[in-house]
Each structure stands twice: as C-alpha cells, then as structure tokens.
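Written below as structure tokens is the structure these notes are about.
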Amino acid sequence: MIGITMGDPAGVGPEVTLKAVDAMSPEDQAQTRIFGCRATLEAAQKAVGTSVDLDAVLIDIPVEGAPLPFGVEDPRAGDAAFRFVEAAVRAAEANEIGCIVTAPLNKATLNAAGHHYDGHTGMLAHLTGQPKAWMILASDKLKVIHVSTHVSLKDAIDRATPEQILKTIRIGNDHLKRIGYDKPRIAVAGINPHCGEGGLFGTEDDVQVVPAVKAAQEEGIDAHGPISADTLFHRAYNGAFDLIVAQYHDQGHIPVKLVAFDTGVNVTLGLPIDRTSVDHGTAFDIAGKGIANHENMVHAIAYARKLAAGR
C-alpha cells in the first residue's frame with residue numbers, strides 16, 4: 001500500500017495525483033490511498049476529466065473554504081499541505097502504508113501558516129523525530145544525493161564537514177544496495193572549481209572532502225573523490241559511477257533536472273519511513289487548467305512501490 005499526499009490544494013498536486021491514479025490498474029488503485037481534501041479533488045476532477053472513485057481511495061482531510069481558488073497563494077492551503085503529510089506520516093509509522101508519495105507544496109504558504117520548514121525533507125525529519133534527512137534525486141542514468149539542500153551557498157560550504165559528507169556517502173551507499181546495486185560506485189563532487197586546484201581556489205576540498213572519502217574507503221565503500229563537478233556529472237551520466245554526492249542544492253539539482261526533468265524522482269533517505277516525490281513545484285500559473293503533466297508523479301509512484309515491496 002502507498003499513500004499519496006495531495007500537496008498544496010491551490011497547485012497542480014490534485015491534478016497530477018488524480019491523473020496518475022486514474023491511469024493505474026484496478027489492482028494498483030486498490031493498493032493506493034490519497035491523503036487530501038474531497039472538495040478540492042472533486043473540483044480538480046472536473047478540470048482534468050478523470051473519474052477516480054474517491055470513496056475507494058481517499059482519506060478525506062477537510063480544508064477550510066475548500067475548494068480554494070487554484071493558482072492563488074493561501075495560508076489555508078499551506079496548513080492543509082502540512083496536515084496531509086502529517087496524516088500520511090502517522091499512517092506510515094503504523095504500517096498502514098509502505099511508502100509516502102508527495103505532490104508539491106508551496107514553501108511560502110507553508111511558512112505563512114506557521115509551519116516553519118524548508119520543504120518536505122525538513123518537515124519529514126521533524127515529524128519522525130530525526131535530526132536530519134537526506135535528499136536523493138534519482139533517474140535512470142543519473143542519481144545524486146546531497147550533503148545539504150535548502151540553505152545558502154555560504155552555509156552549504158560550512159555544513160560540508162568531513163563527518164557530514166561521510167554520513168551522506170554511507171546513506172547513499174545503503175540506499176543503492178537496497179535497490180539492487182551490489183557494490184555502488186560513489187563519486188564525491190568537489191566544492192571548489194577544479195577541487196581547489198591545489199589550494200589556488202580554496203582548501204575546502206583538501207580539508208573537508210578528502211578525509212570523508214578516505215574514511216568511506218576504509219569502511220569498504222567504493223568511494224572516489226573529490227572529483228571536479230564540471231566533468232563528474234557527464235562521466236556519471238555515461239556510466240562511470242552509480243551515485244554522485246553533491247555538496248549543495250544547485251550542484252546536484254541542475255544536472256538531474258536538465259537530463260530528467262519529467263522522470264527524476266525525489267527520494268528522502270535517513271528516516272524510519274520511506275518517501276518519494278515529484279521533482280517539480282506547485283506551478284500556480286497552470287493550476288486548475290487540467291493541463292499539468294503527471295509523468296513525474298507516475299515515476300514517483302513506481303519508485304515508491306519498489307520501496308514498499310522491499311520493506
């Protein structure tokens with residue numbers, strides 16, 4: 001069983017959720033639950049023309065004033081997005097569902113509603129009582145795990161300590177083994193251009209990255225690096241490595257979104273529960289028009305079923 005959280009009620013989450021569920025086989029629909037608002041989903045069904053039996057799949061969580069206008073930022077929508085996720089987390093903790101799949105939320109409305117998180121990853125860590133969670137972006141030919149995500153570039157460099165980089169390598173190695181890689185080949189991206197060029201462009205790679213890679217190698221992990229990021233992603237895309245450890249958000253997100261914008265899946269690691277997600281935002285500019293592409297949601301659901309089957 002998987003659970004899909006509807007996301008921000010004013011965004012495209014309700015639409016892509018309905019389209020993906022509507023495309024499922026009856027057997028897969030029976031193993032799916034949507035955590036969302038009936039009034040919003042009924043409005044979205046009219047927009048997209050689907051005929052999902054909400055009575056069979058919906059865990060109804062009412063939203064004040066629903067259906068809220070599509071495409072408009074509203075703190076009520078931010079609060080609802082939080083409550084959908086919270087309900088799904090509790091269901092996962094109770095083993096009622098094997099994996100959570102999240103439709104996009106809006107960070108501004110989430111925080112305006114008083115839920116002060118940097119996004120799903122930090123929220124899920126807090127809801128499950130974990131100090132940190134990790135984000136991996138997974139596609140067929142490129143998989144990237146991040147040392148840090150939604151922080152400033154300055155803070156990201158400070159957070160790339162040897163200890164944190166080593167933890168990230170371990171988490172990524174364990175996940176790839178779980179999904180079928182016997183001995184994952186892990187490449188660690190450098191922080192500075194050309195990994196500092198022997199200290200000309202900074203010493204962070206020598207001081208922060210090298211010790212982490214050496215420690216991982218001593219644990220038997222097939223880790224390599226630091227490797228200059230300007231060539232690393234091309235090499236990994238062409239099969240040289242199974243996973244890249246990116247040091248900060250844009251270093252990892254830009255390459256994956258370039259090569260797998262509609263198929264890349266956001267996976268949260270380091271939690272006692274499993275979660276996958278689409279790798280796009282709420283798209284308020286097209287919300288409610290029935291034209292949102294649900295391909296990314298289909299891939300997130302497929303990844304979730306694979307994780308749920310292996311629990």
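FYI, it's all coordinate maths here, none of it is from the lab. This structure is a prediction, so every number in the text was calculated from the model and none was measured. Cβ atoms come from the backbone with ideal geometry, glycine included; neighbour counts cover every protein chain shown.
Structure notes:
- Mean projection of the Cα convex hull over all viewing directions, computed for the stretch 154-311: 10.9 nm².
- Mean silhouette area of the chain, derived from the convex hull of its C-alpha atoms and averaged over all directions, reads 15.3 nm².
- Only Cα sites of the stretch 106-244 enter the Debye sum here, all with the same form factor; the resulting log10 I(q)/I(0) across q = 0.12, 0.16, 0.17 1/Å is -0.52, -0.88, -0.98, listed in q order.
- FRET efficiency estimate (nearest 0.05) - Cβ-Cβ, V151 to T203, R0 25 angstrom: 0.75
- Nitroxide proxy distance, nm - points 7 Å out along Cα→Cβ at A94 and N111: 3.3
- Farthest towards the positive end of the charge dipole of the chain, among the residues L41, T276, G290, is the Cα of T276, using unit charges on the Cβ of Lys, Arg, Asp and Glu.
- Scattering curve values for the stretch 175-222, log₁₀ I(q)/I(0), Debye with Cα scatterers, q = 0.15, 0.29 Å⁻¹: -0.49, -1.00
- Amide H contacts under 5 Å for I34: I4, L58, I59, restricted to partners 5 or more places along the chain or on a different chain, H placed in the peptide plane at 1.01 Å from N.
- At 0.890 mPa s and 25 °C, Stokes diffusion of the stretch 71-120 via Kirkwood alpha-carbon radius, µm² per second: 217
- Viscosity 1.002 mPa s, 20 °C: Kirkwood-radius Stokes-Einstein D of the stretch 248-291 over Cα pairs, µm²/s: 172
- Sorting 22-31, 126-135, 260-269 by average packing, meaning the other beta carbons within 10 Å per residue, from highest down gives 260-269, 126-135, 22-31.
- Taking label points 7 Å from Cα along the Cα-to-Cβ direction, E64 and I286 give a separation of 3.2 nm.
- Length gained on full extension, E27 to E42, computed as 0.36 nm times the residue gap minus the Cα-Cα distance: 3.2 nm.
- Normalised by 2.2 N^0.38 Å, where N counts its residues, the alpha-carbon radius of gyration of the stretch 1-117 equals 0.98.
- Evaluated at q = 0.19, 0.27 Å⁻¹, a Debye calculation over the C-alpha positions of the stretch 227-311 (equal weights, vacuum) places log10 I(q)/I(0) at -1.02, -1.32.
- Net charge in the neighbourhood of K183 (other residues with Cβ under 10 Å of its Cβ; Lys, Arg +1, Asp, Glu -1) is -1.
- Summarising the amide proton neighbourhood of D279: residues at separation of 5 or more, or on other chains, whose placed amide H is nearer than 5 Å comprise N266.
- Built amide H within the under 5 Å cut-off of N106, gap 5+: D8
- In this structure, S228 and K306 have a Cβ-Cβ separation that, at R0 = 41 Å, corresponds to a calculated FRET efficiency of about 0.80.
- Per-peptide average of other Cβ atoms within 10 Å, ordering 3-15, 175-187 highest first: 3-15, 175-187
- Assuming charge only on the beta carbon of Lys and Arg (+1) and of Asp and Glu (-1), the dipole of the stretch 171-249 about its Cα centre is about 280 debye to the nearest 20.
- The stretch 71-153 - charge dipole about Cα centre, Lys and Arg +1 at Cβ, Asp and Glu -1, debye rounded to 20: 220
- Overall form of the stretch 42-176 per C-alpha gyration tensor (a/c, 1.5; a/b vs b/c): prolate
- Under Karplus coefficients 6.51, -1.76 and 1.60, residue-wise ³J(HN,Hα) of the stretch 252-257 in Hz, glycine/proline x: x, 6, 4, x, 5, 6
- Working note: Karplus 6.51/-1.76/1.60 with θ = phi - 60° gives the stretch 76-81 the couplings 4, 6, x, 5, 4, 4 Hz, where Gly and Pro are set to x.
- Counted charge near H280, where neighbours are those whose Cβ lies closer than 15 Å (Asp, Glu -1; Lys, Arg +1): -3
- In a simple Cβ point-charge model (Lys, Arg +1; Asp, Glu -1; nothing else charged), the stretch 1-120 has a dipole of about 140 debye relative to its Cα centre.
- For the stretch 126-194, pairs of C-alpha atoms spaced more than 13 angstrom apart make up 71 percent of the total.
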